[in-house]
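Structure first, commentary second.
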Amino acid sequence: MSCTSCGNNAKKSKSRRVKDVIIAAINHPYSILKAHYRTVIKDESIESIAKPRLVQCYNCKDKKLIATILNKQIYICGYCSCPIESKARDLNETCSLNKW
Ligand code: SF4
């Protein structure tokens, strides 16, 4: 199953995923940048949508911890490899398992 906005897929080979991320960044740069921007600059209307999504993601057994930076744990979706903090804030996104 792939991410609806970036097309990323955790089950693909690493080189294929890197290629997909580059293609997605070329095809959807505005959407991806906007989602990452929203993780830094919070908009209350977006946060009201993102919070219940993030509850689902942080309770999801398919999330994966990829790093801990300054005591903050960084998780990605185990299905599409998208960072869950930005995936939840992308209004065009959907959960790969239809949880939100
Ligand atoms: S997007 Fe869906 S499958 Fe991915 S971590 Fe969140 S709840 Fe789990």
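Since every read-out is calculated from the coordinates, none of them should be taken as a lab result. A quick note: this is a predicted structure, and the numbers were derived from the prediction, not measured. So basically every Cβ, Gly included, is an ideal-geometry build from the backbone, and we count neighbours across all protein chains shown.
Among the listed pairs Lys61/Lys99; Lys34/Lys99; Lys63/Lys87, those with a Cα-Cα distance over 18 Å are Lys34/Lys99. Taking 0.36 nm per residue of separation and subtracting the current Cα-Cα distance, fully stretching the chain between Asn92 and His36 would add 18.8 nm. Each Lys or Arg adds one and each Asp or Glu subtracts one; over the other residues with Cβ under 9 Å from the Cβ of Lys34, this totals +1. Using θ = phi - 60° in the Karplus curve 6.51 cos²θ - 1.76 cosθ + 1.60, the 3J(HN,Hα) couplings for the range 81-90 round to 6, 6, x, 5, 5, 8, 4, 5, 9, 8 Hz; x is entered for Gly and Pro.
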